[in-house]
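What follows draws every value from the coordinates through simple rules; no lab data is involved. Keep in mind the model is a prediction, meaning the values are calculated, not measured. FYI the Cβ positions are ideal-geometry reconstructions off the backbone, even for glycines, and counts take in every protein chain you see.
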Amino acid sequence: MDDTIKIRILASGSKGNSAFVRVGDTRLLIDAGISCRRIVHGLRDIDESPEDLDAVLLTHEHSDHVKGMRVFLNNYPETHVFSTRGTLVGCEERFPMPQNWTPIAADGPFRVGEVTVDPFELLHDASEPTGFRLDASGFSMGFVTDLGYWTDEIAEHLLGCRVLVVEANHDPHMLRTGPYPAFLKRRIASSRGHLSNEQARALVSRIAHPELEWLVLAHLSEKNNAPELAIDEISPALPTGDTNIIAASKEPGQPIELAPSELPPSTRPVKQGVLF
Ligand SMILES: [Zn+2]
Ligand SMILES: [Zn+2]
């Protein structure tokens, strides 16, 4: 069995979001909020291809997460798409009903190949947005962006992961004094907006552990944050200096490769969902 574990953030931020995750022979794309051409390029660059994706998982319907879907589904119509019903309804105007779509629900884990995907509810101004936890033999990853604040329930879904992708959208002071109009500032800072560096730091201090290998700060605002600032602010929340911490940007990131782990397969139960 192939034991490759490879992650690449293809783009992150308010202009577009997409991430590729490969665990063995299972290949997933989380969100498609950049052009199809950029997605394909970002995959081919690391010797992967869109035809080989087992699933596209959508977090929510905002354009910076789905705007590549129309062309992507046009070019690769057999792509299997997983999202909540709320997300699909929210996408009605953006792309036609996918040929292969599976409805998912928060706290309804499902399998895609070797990976158990556990979607969980987020607080954001979208219809049924979700974060994802991915578990496979010796691998676990939490993916959480686009949330106004975090709860104990969200934190519990992110415990014990080898890789965490966590939103660090804005510095509250930069947001307050920055160029955005007042309504947008209010929206971003609201309980259904985006996580600040401070909120991300509190979340990371709750969920980080000595075996956390990568912390990827995501969805950074170009106007209201800076990569060095977010890293400086959040890295003290890591219990050891052994965790790699990086800030994702609108450009494709360096692929992250993980060594196969000796850890036993995840024991998180699959309560319901699709097996194929
Ligand atoms: Zn977003
Ligand atoms: Zn959003």
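Using the count of nearby Cβ atoms within 10 Å as a rough guide to exposure, how do 28, 88 rank from fewest to most?
Final ranking by Cβ density, sparse to dense: 88, 28.
From the backbone phi of the range 125-130, what are the Karplus-calculated ³J(HN,Hα) couplings (6.51 cos²θ - 1.76 cosθ + 1.60, θ = phi - 60°) in whole Hz, Gly and Pro given as x?
Listing the rounded values in order: 7, 9, 8, 6, x, 9 Hz.
State the antiparallel share, in %, of DSSP beta bridges confined to the range 13-75, rounding to the nearest 5.
Numbers: 5 of 8 bridges.
The antiparallel proportion sits near 60 percent.
Taking the convex hull of the alpha carbon atoms in the range 125-177, what volume per residue do you get, in Å³?
Hull volume normalised by residue count: 91 Å³.
Between 26, 59, 151, which gets the highest mean-square fluctuation from a Gaussian network model of the chain, Cα cutoff 10 Å?
151
Only Cα pairs within less than 10 Å get springs; with that Gaussian network setup on the chain, which residue of 84, 116, 177 has the largest fluctuation?
Largest GNM mean-square fluctuation: 177.
Is it possible to state the helix-based mean residue ellipticity at 222 nm for the chain, with each DSSP H run of 4+ residues giving -39500 (n - 2.57), the sum divided by total residues, to the nearest 500 deg cm²/dmol? What is it? Each step should come with its number before you reach the end.
Details: 9 runs with 65 residues, N = 276.
Helix contribution divided over all residues of the chain: -6000 deg cm²/dmol.
What net charge do the residues around residue 219 carry, taking every other residue with its C-beta under 12 Å from that of residue 219, with Lys and Arg at +1 and Asp and Glu at -1? Can you show the working numbers first?
Numbers: positive: 15, 250; negative: 31, 64, 146, 167, 222.
Overall, the nearby charge balance is -3.
Mind jotting down the three principal axis lengths of the range 15-89 based on Cα atoms? Whole angstrom, largest first.
Over the range 15-89, Cα extents along the principal axes are 33, 23, 20 Å.
Can you grab the distance from the C-alpha centre of the range 1-32 to the C-alpha centre of the range 97-120, Å, no decimals?
About 15 Å separates the Cα centre of the range 1-32 from the one of the range 97-120.
With the dipole of the range 1-157 worked out from charges on the C-beta (+1 for Lys and Arg, -1 for Asp and Glu) around the Cα centre, which of 134, 19, 105 lies farthest toward the positive end?
After comparing all options, I get 19.
Give me the percent of DSSP beta bridges within the range 26-154 that run antiparallel, rounded to the nearest 5. Let's see the in-between values first.
On the way: 14 of 24 bridges.
Rounded to the nearest five, the antiparallel share is 60 percent.
Given R₀ = 25 Å, FRET efficiency for residue 107-residue 202 by Cβ-Cβ distance, to 0.05? List each step's numbers first, then the result.
Details: r = 23 Å, r/R0 = 0.92.
E(calc), rounded to 0.05, equals 0.60.
Once you've got the GNM for the chain with C-alpha springs shorter than 10 Å, pick whichever of 108, 241, 86 has the biggest mean-square fluctuation.
Among 108, 241, 86, the largest mean-square fluctuation in the Gaussian network model of the chain belongs to 241.
Starting with the fewest neighbours, write out 47, 107, 2, 64 ranked by other beta-carbon atoms found within 10 Å of each beta-carbon.
Working: 47 8, 107 14, 2 11, 64 20.
Going from sparsest to densest Cβ surroundings: 47, 2, 107, 64.
Give the span of the range 37-133's Cα atoms along each principal axis, as three whole-Å numbers ordered largest to smallest.
Sorted largest first, the three principal extents are 34, 32, 22 Å.
What are the ³J(HN,Hα) couplings of the range 90-99, residue after residue, when phi is run through the Karplus curve with 6.51, -1.76, 1.60 and θ = phi - 60°? Round to Hz, x for glycine and proline.
Taking θ as phi minus 60°, the curve returns x, 8, 3, 7, 8, 7, x, 3, x, 4 Hz for the range 90-99.
How long is the chain along each principal axis, judged by its Cα atoms, biggest number first, in Å?
On the principal axes, the chain reaches 49, 45, 36 Å in Cα extent.
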